Amino acid sequence: MASDILIPPLRQTQLFTPELVYFEPDALNYPKGQRIWQWAEQQGLPIRQTTSHNRITNLPGDSELEKYRIAKKTLVVGLRKTLKFDTSKPSAEYAIPIATGCMAHCHYCYLQTTLGAKPYIRVYVNTDDIMNAAKRYIEERAPEITRFEAACTSDPVGLEHISGSLTELIEFMAKEPLGRLRFVTKFHHVEPMLHLNHNKHTRFRFSVNADYVIKNFEPATSSFAERIGAAGKVARAGYPLGFIIAPIIWHEGWEDGYGELLDKLKEALPEEATSDLTFELIQHRFTKTSKTVIQQRYPKTKLELDETKRKYKWGRWGQGKYVYPDEQANALREFITERIFDKFPEAAIDYFT
Ligand code: SF4
């Protein structure tokens, strides 16, 4: 399939390298912990010890903003102690915890509020414990299929060269008749996973958006061209593929922006990608708390966070969120849905929320 309307990537997004690494002492009792330690040493990174990955209190930085930026470049290697998985509707039954935190700087990211004062990046070395817990969840729900989302609290593809955890999960899930893995990414570093035996039990999804959104709100992620190139590779490797268009943002020229997005996807994707393709559509939302945090951390953001232009939706846990009024939400949903079915008649739209 031709890809001539795609502009070749102007820059190559590099693999993430932290500037500071912490280890819980117990992490070194695991081969993965030792491997990451050796890697950090080879990279010449400063290494510190911490008693718990939940309590890093001495991060450098003079101001809150500086501490935040340094935290986003700090890796903490520890053990996952809580093996009770959160639910992860609507995309899966459970969130599978292999990492927490992310090095990218998407202005709208909900991790800014959910991770609170702990925005540093944690990877867990006890993947066997995590997989054993997943096995128990699968058995509990048999004969139903159980889906696990690995990207609820992180972007694990961007950390795979350090942790290797997705590789372990993909190979584990390949052998589970009733288990399925899924994750979403804004990174294109998929090479380590292209030759695995996945048995089609893992769905790779890429987060994509209108040019305006990627350019203005997604610093430190792979470019659209890089993501779409990686999507083609993943599809050719036989993985089921999906796209998450999120957050869908109402902006001047949004119809052109989202129309072009679907045109570019159609042009760039190989045939293999379109036979089992899913889309998930999520409109932009914010809470009062997230607005405050975003404005502190990205004071110059162009992200529209005006409550008076939004509809208030009550939340299950007390705090409600601001979404688009029905008229705008419906216009976005209808336009994007039509374009998807026009370009990819066989694709499934899993949900719009
Ligand atoms: S890539 Fe995903 S997890 Fe990382 S900052 Fe952006 S939205 Fe958040």
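The values are calculated or read from the model by the stated rules, or taken from the named source; none is laboratory data. Since the model is a prediction, treat every value here as computed from it, not as a measurement. For neighbour counting, all protein chains shown are included, and Cβ atoms are generated from backbone atoms with ideal geometry for every residue, glycine included.
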**Item:** Residues of region 310-338 that turn out to be part of a helix (DSSP H, G or I) and without any contact (Cβ under 8 Å) to a residue 12 or more places away in the chain, as a count
**Value:** 5
**Request:** Go through I70, I56, I96 for me and flag whichever is of a type in the set (A, V, I, L, M, F, W, C) and more than 17 Å from K118 (Cβ to Cβ).
**Result:** I96
**Prompt:** L79 passes all but one of (1) within 16 Å of the ligand (Cβ to nearest atom); (2) closer than 17 Å to E24 by Cβ; which number fails?
**Reply:** (1)
**Item:** Criterion (surrounded by 16 or more Cβ atoms within 10 Å (Cβ to Cβ) and assigned to a helix (DSSP H, G or I)) met by exactly one of I294, I282
**Value:** I294
**Prompt:** Would region 144-157 turn up any residue that is surrounded by fewer than 22 Cβ atoms within 10 Å (Cβ to Cβ), among the charged types (D, E, K, R), over 12 Å from the mean Cα position of the chain (by Cα) and over 20 Å from K89 (Cβ atoms)?
**Reply:** no
**Asked** Just one of F187, F183 is aromatic (F, W, Y), in contact with a Pro (Cβ under 8 Å, 6 or more places away or on another chain) and at pLDDT 95 or above; which is it?
**Response** F183
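For (1) under 28 Å from L28 (Cβ atoms); (2) assigned to a helix (DSSP H, G or I); (3) within 10 Å of the ligand (Cβ to nearest atom); (4) in contact (Cβ under 8 Å) with a residue 12 or more places away in the chain, each residue gets a yes or a no:
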position	(1), (2), (3), (4)
G61	yes, no, no, no
L65	no, yes, no, yes
I70	yes, yes, no, yes
L75	yes, no, no, yes
F85	yes, no, no, yes
Y94	no, no, no, yes
C106	no, no, yes, yes
Q112	no, yes, yes, yes
K118	yes, no, no, yes
**Complete:** With criteria (1) more than 24 Å from the chain's Cα centre (by Cα); (2) of a type in the set (D, E); (3) in a helix (DSSP H, G or I), D128 comes up short on (1)
**Prompt:** Is it the case that G164 is at pLDDT 95 or above and crowded, with 24+ Cβ neighbours inside 10 Å?
**Reply:** no
**Request:** Kindly establish whether S222 is in a loop (DSSP other than H, G, I, E, B), under 20 Å from the mean Cα position of the chain (by Cα) and at pLDDT 95 or above.
**Result:** yes
**Item:** Answer residue from region 255-274, given it is at pLDDT 95 or above and either touching a strand residue (DSSP E or B) at 6+ places or on another chain (Cβ under 8 Å) or assigned to a strand (DSSP E or B) (or both) and is farthest from Q328 (Cα to Cα) among those
**Value:** L265
**Complete:** Filtering region 151-204 for residues that are of a type in the set (D, E, K, R), more than 15 Å from the ligand (Cβ to nearest atom) and assigned to a loop (DSSP other than H, G, I, E, B) leaves a count of 3
**Fill in**
For region 205-222 the number of residues that are crowded, with 20+ Cβ neighbours inside 10 Å and within 13 Å of the ligand (Cβ to nearest atom) is 11
**Message:** Is it the case, given these coordinates, that A230 is in a helix (DSSP H, G or I), out of contact with any Leu (no Cβ under 9 Å at 6 or more places or on another chain), within 16 Å of the ligand (Cβ to nearest atom) and under 23 Å from Q12 (Cα atoms)?
**Reply:** yes
